[in-house]
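A short write-up of the structure that comes next.
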Amino acid sequence: MFRNLKMSVKLMLGFGITVAISAIMMIIAIMNLQSVGGLTDKLYQSPFTVSTQSIMLQKELQNIGREMRGMVLYEDPSYIDSVLASRDKARNSLAIAQPRFLGDQQMIDDMYEILDELDATSNEIYQLVVSGKMDEAKQILSTDFWTLMKSGLETSQGIVDFALGKALEFNSNASSTLENARVLLIFLLVVMVALCAVIAVVLSRSVSRPVSQITDAAKQLAAGTLDIEIPYQARDELGSLAEAFREMSCSLKAVIADVDLQLGAMSQGNFAVSPQAEYIGDYVSIKNAIVNINASLSRTLHQINLSADQVFSSSEQVSSGAMSVSQGATEQASSVEELAATLAEFSDQVRDTSANAAECRRSTSQTGNEVMSSNQQMQEMISAMHEISDQSAQIRQIIKTIEDLAFQTNILALNASVESARAGEAGKGFAVVASEVRNLANKSTEASKHTSALIEDTIKAVEKGTGIANTTAKSLNLVVDSTKKVVTTVEKIASAAEWQAGSIAQITQGIGQISSVVQANSATAEESAAASEELSGQAQMLKSLVGQFRLSRAEGTDVPRHLPG
């Protein structure tokens, strides 16, 4: 299933899984940080504030007691100003703690009642001091006032104790949340590392193995070995490339085998052959060239056979009256024989040259097309590797974002540690929370650095592969240029072969003219009888030579069989 996916889908799937797991880890970390932040905020807004305000309340109650004692002891009514100021501060502290207190609100109500009673008792003592009734003032101070003061201190201490208990509970919950988050993140990190390793191995094998097989096949084709084997089978880009190589090998083998069969048969004198393989694309020109060569040679040989028949018939008719010109006809026959031998030899050379030029032109044209196709495929592979490099750069940006988040978290933890240090003994629990957050930020930073190092290695490997592919593309371009030069040279050779064929036609025309002169002389001179006999023998020899060829059905003829001897 995976091997049949497109390469782009494979890469997107691998990186998508990695990004998804990273996103899950970040979401879990953020959620747990928010949870810890919420607990910290509750700790500050409720237990911390309530305990702080309750302690301040106790302090103000003590100030009220000290000032009242000074008023009675020194008989100075002016102490009432300090008492009233401390009373207002105590009520303000209680008002701040009231909405944040998570315990029984009855304790707050009791504290308000105690403050009201202290206020009334203080006013009573103040009036007695102003009136000079110091004994009664001392009596009320030592009994009712101190009883209320003790009750107020106990009630405020109860509020402080409850707030500190809640603070410890919040701290415990925050520690538990951090521990759970740490365990879950470690587990997800292990899973992500394992999945990344598996994805890397699978992607590496899915690319390196088929590329190696296709490279070996290409080298074999370049070395002239058409019997190649590519085991890789898939519906991705590399599978399509492997299938294209296999089809190319089969097509080349079929065409070359058919060309070898036809040329071999013609070299043995059998022209009654025709292409059997399926010629497609540019191969059609090879088929047409072979068919044209076969038909041209068959027509030429057939015409030679007809001419030999005519010469043989004419030589028999004039043999009785050509005795007077026999010596001249003999000399002419000798010249014709030498010229015919030269023409036959030259004709064979031109035929071989033409066949070789056609074969060379076909091979070089096919080679140029295959090299240009390979060059185009190499460019597509370079483009795909550039896309891989771009995707790796985007992943690097994601890692940079993760490092920035870890850095900001570390700064937040440092600020929290500073605030907890300022809080003193009451901020110890908050310091523990800050330390754990800082540890989590450090671990996130280390994980992001490790992931960034893996991405950098991947980018270096992609850049190395791109360099190799560029070098190969340059080599292919040089091969394309060389192939074009070879094709130009072969075209020149083919043109020369055509010019030679024209020369042979002119020579053949000259032989026809000589034959006409010989026939005219043999008609008027009995001396040409001997020459006619010689010409008859040459015609018989020519018919014997042409009879060795098995000709195809030529245009305007009917007999593609062995010629008569």
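Here are the numbers for the structure shown:
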{"item": "In the stretch 198-222, residue surrounded by the most Cβ atoms within 10 Å (Cβ to Cβ) [restricted to those that are hydrophobic (A, V, I, L, M, F, W, C) and over 20 Å from Glu380 (Cβ atoms)]", "result": "Ile199"}
{"item": "Conditions (1) β-branched (Val, Ile, Thr); (2) farther than 30 Å from Asn171 by Cβ; (3) out of contact with any Gly (no Cβ under 6 Å at 6 or more places or on another chain); number of the one not met by Ile114", "result": "(3)"}
{"item": "Of all residues in the stretch 169-197 being loosely packed, with under 13 Cβ neighbours inside 10 Å and within 30 Å of Pro99 (Cβ to Cβ), the one that is farthest from the chain's Cα centre (by Cα)", "result": "Ser172"}
{"item": "Where Thr225 falls short, out of the listed (1) over 17 Å from the mean Cα position of the chain (by Cα); (2) in a helix (DSSP H, G or I); (3) surrounded by fewer than 15 Cβ atoms within 10 Å (Cβ to Cβ)", "result": "(2)"}
{"item": "Test: residue in the stretch 115-137 that is over 60 Å from the mean Cα position of the chain (by Cα) and at pLDDT below 85", "result": "no"}
{"item": "Residue list for the stretch 65-86, filter: crowded, with 16+ Cβ neighbours inside 10 Å and either more than 15 Å from Glu124 (Cα to Cα) or touching a Lys or Arg at 6+ places or on another chain (Cβ under 6 Å) (or both)", "result": "Val72, Ser82, Ser86"}
{"item": "Among (1) in a helix (DSSP H, G or I); (2) farther than 18 Å from Ser142 by Cα - the single one Glu124 does not satisfy", "result": "(2)"}
{"item": "The one condition in (1) in a helix (DSSP H, G or I); (2) in contact (Cβ under 8 Å) with a residue 12 or more places away in the chain; (3) over 30 Å from Ser363 (Cα atoms) that Val255 fails to fulfil", "result": "(3)"}
{"item": "Residue tally, condition in contact (Cβ under 8 Å) with a residue 24 or more places away in the chain, more than 14 Å from Val160 (Cβ to Cβ) and either assigned to a loop (DSSP other than H, G, I, E, B) or within 60 Å of the chain's Cα centre (by Cα) (or both), over the stretch 89-103", "result": "0"}
{"item": "Selection status of Asn294, modelled with pLDDT of 80 or more and over 30 Å from the mean Cα position of the chain (by Cα)", "result": "no"}
{"item": "Filter result for Arg182 (within 30 Å of Met248 (Cα to Cα) and assigned to a helix (DSSP H, G or I))", "result": "no"}
{"item": "Subset of the stretch 235-251 [in contact (Cβ under 8 Å) with a residue 40 or more places away in the chain, surrounded by 16 or more Cβ atoms within 10 Å (Cβ to Cβ) and in contact with a Leu (Cβ under 9 Å, 6 or more places away or on another chain)]", "result": "Asp236, Met248"}
{"item": "Which listed residue is without any contact (Cβ under 8 Å) to a residue 24 or more places away in the chain and closer than 30 Å to Leu252 by Cβ, from Ala217, Ala222, Ala194", "result": "Ala222"}
{"item": "Only listed residue being modelled with pLDDT of 70 or more, surrounded by 13 or more Cβ atoms within 10 Å (Cβ to Cβ), touching a helix residue (DSSP H, G or I) at 6+ places or on another chain (Cβ under 6 Å) and not aromatic (Phe, Trp, Tyr), chosen from Ile493, Ile507", "result": "Ile493"}
{"item": "Candidates Ala393, Ala441, Ala447 - the one that is modelled with pLDDT under 75, out of contact with any Asp or Glu (no Cβ under 8 Å at 6 or more places or on another chain), farther than 29 Å from Ser51 by Cα and surrounded by fewer than 15 Cβ atoms within 10 Å (Cβ to Cβ)", "result": "Ala393"}
{"item": "Residue match in the stretch 132-147 (condition: of a type in the set (S, T, N, Q), surrounded by fewer than 16 Cβ atoms within 10 Å (Cβ to Cβ) and within 25 Å of Ala423 (Cα to Cα))", "result": "no"}
{"item": "Leu11 vs. criteria within 18 Å of Asn173 (Cβ to Cβ) and modelled with pLDDT under 75", "result": "no"}
{"item": "Filter result for the condition that a residue is out of contact with any Pro (no Cβ under 8 Å at 6 or more places or on another chain), modelled with pLDDT under 75 and aliphatic (A, V, I, L, M), over Ala254, Ala244, Ala234, Ala308", "result": "Ala308"}
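Let's see how each residue does on (1) assigned to a helix (DSSP H, G or I); (2) among the hydrophobic types (A, V, I, L, M, F, W, C); (3) modelled with pLDDT of 75 or more:
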position: Glu337; (1), (2), (3): yes, no, no
position: Leu343; (1), (2), (3): yes, yes, no
position: Arg362; (1), (2), (3): yes, no, yes
position: Gly368; (1), (2), (3): yes, no, no
position: Ser374; (1), (2), (3): yes, no, no
position: Met385; (1), (2), (3): yes, yes, no
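Conditions tested, residue by residue: (1) at pLDDT 85 or above; (2) of a type in the set (S, T, N, Q); (3) out of contact with any strand residue (DSSP E or B) (no Cβ under 7 Å at 6 or more places or on another chain).
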{"residue": "Ser151", "(1), (2), (3)": "yes, yes, yes"}
{"residue": "Gln157", "(1), (2), (3)": "yes, yes, yes"}
{"residue": "Phe162", "(1), (2), (3)": "yes, no, yes"}
{"residue": "Gly165", "(1), (2), (3)": "no, no, yes"}
{"residue": "Ile186", "(1), (2), (3)": "yes, no, yes"}
{"residue": "Leu203", "(1), (2), (3)": "no, no, yes"}
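The values are calculated or read from the model by the stated rules, or taken from the named source; none is laboratory data. Every value quoted in this text rests on a predicted model; they were computed, and no experiment measured them. Note: ideal-geometry Cβ built from the backbone for every residue, glycine included; neighbour counts use all protein chains shown.
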